[in-house]
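Where a number appears in this text, it was derived from the coordinates with a stated rule and is not lab data. Because the structure is predicted, anything quoted here is derived from the model rather than measured. Neighbour counts run over all protein chains shown; Cβ positions are idealised from the backbone, glycine included.
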Amino acid sequence: MIEYLIIIVALICMVIGTPLFIILAIVTLCSLQFLGDGMLAEMIADMFNAVNKDVLLAIPFFLIAGQMMTHGSIARRLIDFAKSIVGWMPGGLAATAIFATVIFAAISGSSPVTVIAIGTIMYPALIKENYKENFSLGLLTSAGSLGIIIPPSIPMIIYAIVVSTPKYVISVADLFIAGIIPGLLIALLLLIYSVITQKEHTAKTISSFSFKQFRISFKNGILAIILPVIILGGIYSGFFTPTEAAAIAVVYTFIVEVFIHKDLKIKQLPKIIIESTSMMGTLFLIIVIAISFNQFLALERIPYQAALWMKSIVSSPLMFLIIVNIFLLILGCFMDIMSAILIVGPILSPMAVEFGIDPIHFAIIFIVNMEIGYLTPPMGINLFVASSIFQKKIGFVIKSTLPFTLILLFALILISYIPTISLFLVEMFR
């Protein structure tokens, strides 16, 4: 009876707009007091242990690096480089937007940051080349979601922290490498759709591949282009950890933008740090409280009991994935990815393991579902970001993203039922 009262209180808090960290704190405290052993001091200890995780430092570092790139010139240089490679194709400017998004996503680790950085430059360019508004909006809003699947990814870091258990530890590096092929697959599907539907839009200034233009754009953007190589190469080679990679990204971006490109001023840094800090303040509090709640779930064996219940009604891993995908797609409409990872991830992941699904593969399935959630109302964050920066009504943005959302759903089916897409590179590097 008590558990139902706790759920009802949590739902009421959600309806009236109570901040998530307060809801989680209430649920955790009530669970420990009335359903656990009443040792509330355990929550403080769990929160301290959560803060003591080095990998948490990677999140603010990647956020700061992404903000510096947005205020500097790295995004523009990456777009010029992408245009020199694919700009000559039919629908070349659309292809440029996708290619630039892939590269920038491999630096920033954030979907909204990617939409802002690439979208603010590419949207006026697409409109100027007579691409339709709905296509341009849909493409940039959807392609921006690649920021959470192509490594480094901030949601992947959080997933690894909160879902790992003593029984099985999920490596951030493994999640990063597992996201490469799924991310590129989604980008390829978006590219194919764009080339087919926009083939009448052939670049007026670039009729064929120009090695000269490629050489110039490569020279101008080389320092931006090699950053993903440094970050990911260092992690996969074992030269440094994801946290160290994030710190290196900040230092590298600072040096390049301030002293080499000279497109970022020292006086802009306080604003960048304040923006990043405000984003991180509430998120960190949510993470540490959620980890305490997850410890309670583990001690009470709730994920295990949920898995037994699921096995009683589901007979195969295939059916389990169908049910979970439907559930996560619905959840993504109403809950942001961080909340979903913190609240639902620790319950579903052990259930997937009980059904024989690789935890890395399931993590990618989970994150791709939440990636689609960035594009689905009423809580799709990319929809609101795009509506704000492109100054379009939210209804028009939602309608514009629909064809691209269907493409992402097709990609989700492939990723869910072909584990090799997620695990091929992981197995190769192990």
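Within the listed set Ala97, Ala247, Ala125, the residue fluctuating most in the Gaussian network model of the chain (springs between alpha-carbon atoms under 10 angstrom) is Ala125.
From the coordinates of this entry, semi-axes √(5λ) of the Cα gyration tensor in Å is computed, and it appears in [x] 37, 24, 21; [y] 67, 25, 19; [z] 32, 30, 22 under the label [x].
Taking trypsin sites (Lys or Arg not before Pro) across the stretch 382-419, the ones in a DSSP loop with at most 11 further Cβ atoms lying within 10 angstrom of their Cβ are Lys393.
Of the residues Val344, Val368, the one with the fewest other Cβ atoms within 10 Å heads the list, and the complete ranking is Val344, Val368.
Place a point 7 Å from the Cα of Phe240 along the Cα-to-Cβ direction; which residues of the stretch 140-163 have their backbone N under 16 Å from it? Correct set: 152-153.
For Lys392, the lysines whose Cα comes closer than 30 Å to its Cα, not counting residues fewer than 8 places off in the same chain, are Lys83, Lys128, Lys132, Lys199, Lys204, Lys271.
With neighbour counts taken as other beta-carbon atoms within 10 Å, the residues His71, His361 rank, fewest first, as His71, His361. Ordered by the count of other Cβ atoms within 10 Å of each Cβ, fewest first, Arg77, Arg215 give Arg215, Arg77.
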